[in-house]
Protein chains: 2
Amino acid sequence: MIGSRTPATLHDVAREAGVSLATASRSLNGSTRKVNEEYRQRVLDAAERLGYTPNLQAQAVARGTSSTVALVVADIADPYFSSIAAGVVAEADREHLIVTMTATDRDPDRELDIVRQLRAQRPRVLVLAGSRPGPDGAASPAQLALDAELDAYELSGGRVVLVGGEDASRRTATLDNFAGAAALGRALAGLGYRRFAVVTGDEGLRTAEDRLAGFRAGILEGGGGLADTDVLRTPFTRDGGYAAVRDRIAAGLDGVELFFATNDVMAVGALSAIRDAGLAPGADVAVAGFDDIPVASDVTPPLTTVRVPLAELGRRALRLALDEDAGDAATPVTTEVVLRASTPPRG
Amino acid sequence: MIGSRTPATLHDVAREAGVSLATASRSLNGSTRKVNEEYRQRVLDAAERLGYTPNLQAQAVARGTSSTVALVVADIADPYFSSIAAGVVAEADREHLIVTMTATDRDPDRELDIVRQLRAQRPRVLVLAGSRPGPDGAASPAQLALDAELDAYELSGGRVVLVGGEDASRRTATLDNFAGAAALGRALAGLGYRRFAVVTGDEGLRTAEDRLAGFRAGILEGGGGLADTDVLRTPFTRDGGYAAVRDRIAAGLDGVELFFATNDVMAVGALSAIRDAGLAPGADVAVAGFDDIPVASDVTPPLTTVRVPLAELGRRALRLALDEDAGDAATPVTTEVVLRASTPPRG
DNA sequence: GGGCGTCGGGAAAACGTTATCCCAAACCCG
DNA sequence: CGGGTTTGGGATAACGTTTTCCCGACGCCC
């Protein structure tokens, strides 16, 4: 039971096949060099017989390049991130790459820490989702340090891809948050809504900012408006959404007809807060979200939102890192307004 | 921009510090050997100056043991698995272990394939969640092969942990599915329900089977019953739950008062199916689930379910693999019936 | 038939670590 | 003070690969 037969090595295979180490290596793993078919077959048979599996770590050391992709997300259990992760993993699988996963818990310092630790892995690709973007704007020390770290990583041959945000200075698998939110705003204004409140994350989050700005533009265009006091800053989570809406209702709805949460998990929290306050979401006050996470259509009322193909976003992130010319992976993923019962037409 | 300065190696550090490779290694990474404080400091400084980060792959090769944990789940985007994954990752983080992730898409053949591929990684620990268990019962060829593969892996020094199911022959981070479902069944019977239908996965899934059996025992005890025709076999997913309940309603509810879905994602699908059929979930027909995934309390009506501390389950899985004596990680995680509005008392 | 590519196997040097020796210096104890 | 036992630095051999050489055996061409 405590047995400890070490796995067969290439050495073993070579010996078993009666060839040199070099030949064994060449026959088993791709090589420019051709090897005599007879030898090749002997090696393959020997490998089969011994149950040989190459040691990826050793390969990485020898080749000087690993086959792992490091994925860093804010929160693994958040459907937004887990959907993206699913896409990254699926695509990585196709490329025979291995995905390692870490969670920052939305703490920029922790994120910096993690990225630093990650260097030890020497991953070929580093995918950051839900990260605060880099240098522009009022960057915190942690953001600046992160940016420097990423630069160093790229300089040493690694590829960094951001997902979700937009950062001119780095590859980004992106969606047009502004346009999507604007379209949603216009659609809602078209339904007759005029008075809004926005539930959103703190100011560091580019994604949240863009969605807020887009929404503002959209409703403005449609004749609505948004007072600064109706922008509710709260953690970018279900509980954040719940708390913000609960507090706002307690303080007086004051004419607000619709809560736009800049992501669906907050919107789900908002729904519950509304219901817990004794109001009927949809009927008494409408709710809209962003992302179209899987449960969006299963909550009640089903959530009006902007559909984002999250898994596709993850897939593209990897493509963006792997392909020299990004192709259509470089273009923003297309979003689509999905009107559901949480925002009934307002007569 | 295309720069390719390779990261500093231990060699570089040693040279910079003017000491031998051995001393550098000893000062930077744990070692039984003591090293002169002055030398140590010189090495540390040099490492700092050069921005040295050890190469984990090389360490793994040299040490003959890696620091990675391979996590295999059915579906990353499923809240059940992503919650477990979050727990595994959190605990791994504490132990400075790296988690790699793969998804089987619920395909046993694919799972086998993945586990085979995984050997190349030489992970220290292999965590399988949502796997069909091994040898007992009517095992498919893929299951048998998987079992053999896992045995081989353990023989070569790896540690396998299953999560969620129960398998006597392997370490398992477990919950008492039977007891939890039984308690739920009793509670529902206590609320006055007598006639049930169970929405569950196909017969290979131990978890599903245990929950079904437990539930059956619970309701029997409470005076309820379960006809074989009221056991609805369907894929273990949201859409599976939806389809099964939709079809059942179409075929005639025939007195069924409550749908028990053996997991929450199916239950969520059930809720939508009921609503889409023009019935009011809770009022017209009740629904209960299992797991208490995060959205369970946010759907409408909030879902009666059995709470399972999923992240804790993930944490324990890792502990179980790491600790020689499992301690309380070996005992089943405690579950708790959570009654919510989806199962109103039946008067 | 002799010079000359080219084909392909094998030896051996990487790759970046850790771990095992070896050995000089320092220390301890009687 | 002398012999034995630490102590701790430095070479160097692993670890399991890939990759660069080297080199003999062909085949080709004039």
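The rows are residues; the columns are (1) farther than 23 Å from A:Ser131 by Cβ; (2) surrounded by fewer than 22 Cβ atoms within 10 Å (Cβ to Cβ); (3) not assigned by the TED database to the domain that holds A:Asp292.
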| site | (1), (2), (3) |
| --- | --- |
| A:Leu303 | yes, no, no |
| A:Glu312 | no, yes, yes |
| A:Arg315 | no, no, yes |
| A:Leu320 | no, no, yes |
| A:Asp323 | no, yes, yes |
| A:Ala326 | no, yes, yes |
Close pairs (6 angstrom Cβ cut-off, 6 or more residues apart or separate chains): in a strand (DSSP E or B) in the range B:217-231, at pLDDT 85 or above and β-branched (Val, Ile, Thr) anywhere: B:Val231/B:Val198
Those helices (runs of 4 or more DSSP H) completely within the range B:1-72 that have 3 or more residues that are away from chain A (no Cβ under 11 Å) are B:10-17, B:21-28, B:37-50
Spot the failing condition for A:Pro7; the list is (1) within 16 Å of DNA strand C (Cβ to nearest atom); (2) on the phi < 0 side of the Ramachandran plot, and only one is missed. (1)
Look through the range B:1-53, keep the residues that are within 19 Å of A:Leu155 (Cβ to Cβ) and open to solvent by 60 Å² or more (accessible area, probe 1.4 Å), and return whichever of them is farthest from DNA strand D (Cβ to nearest atom). B:Met1
Take B:Arg119 and tell me if it is within 11 Å of chain A (Cβ to nearest Cβ) and within 24 Å of B:Asp151 (Cβ to Cβ). yes
Residue count, the range B:75-100, condition under 16 Å from B:Arg159 (Cα atoms) and in contact with a strand residue (DSSP E or B) (Cβ under 8 Å, 6 or more places away or on another chain), comes to 6
When residues of the range A:165-198 are filtered for being in contact with a strand residue (DSSP E or B) (Cβ under 6 Å, 6 or more places away or on another chain) and touching a residue at least 40 places away in the same chain (Cβ under 8 Å), how many remain? 13
Filtering the range A:46-75 for residues that are of a type in the set (Asp, Glu) and without any contact (Cβ under 8 Å) to a residue 12 or more places away in the chain leaves a count of 1
Identify all residues within the range B:49-81 that are of a type outside the set (D, E, K, R), out of contact with any Leu (no Cβ under 9 Å at 6 or more places or on another chain) and within 19 Å of A:Gly314 (Cβ to Cβ); write none if there are none. B:Ala74, B:Ile76
Working only within the range B:85-114, note down all residues that are closer than 11 Å to B:Leu318 by Cα and touching a helix residue (DSSP H, G or I) at 6+ places or on another chain (Cβ under 7 Å). B:Ala85, B:Gly87, B:Val88, B:Ala90, B:Glu91, B:Ala92, B:Glu95, B:Val99
Could we say that B:Asp78 is without any contact (Cβ under 8 Å) to a residue 60 or more places away in the chain and closer than 30 Å to B:Val127 by Cβ here? no
Inspect all residues belonging to the range A:292-301 and state whether any of them is open to solvent by 20 Å² or more (accessible area, probe 1.4 Å), among the small types (Gly, Ala, Ser) and within 20 Å of A:Asp78 (Cα to Cα). yes
Taking the range B:90-114 and the residues there that are buried (at least 24 other Cβ atoms within 10 Å of the Cβ) and in contact (Cβ under 8 Å) with a residue 40 or more places away in the chain, the one that is farthest from the other protein chains (Cβ to nearest Cβ) would be B:Ala92
Only listed residue being assigned by the TED database to the domain that holds A:Leu279, over 27 Å from A:Pro309 (Cα atoms) and open to solvent by less than 30 Å² (accessible area, probe 1.4 Å), chosen from A:Gly185, A:Gly269, A:Gly224: A:Gly224
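The values are calculated or read from the model by the stated rules, or taken from the named source; none is laboratory data. These numbers come from a predicted model, not from an experiment. We place every Cβ from the backbone using ideal geometry, glycine too, and count neighbours over all the protein chains shown. Accessible surface areas use protein heavy atoms only, side chains included; no ligands, DNA or RNA. Shrake-Rupley method; radii C 1.70, N 1.55, O 1.52, S 1.80 Å.
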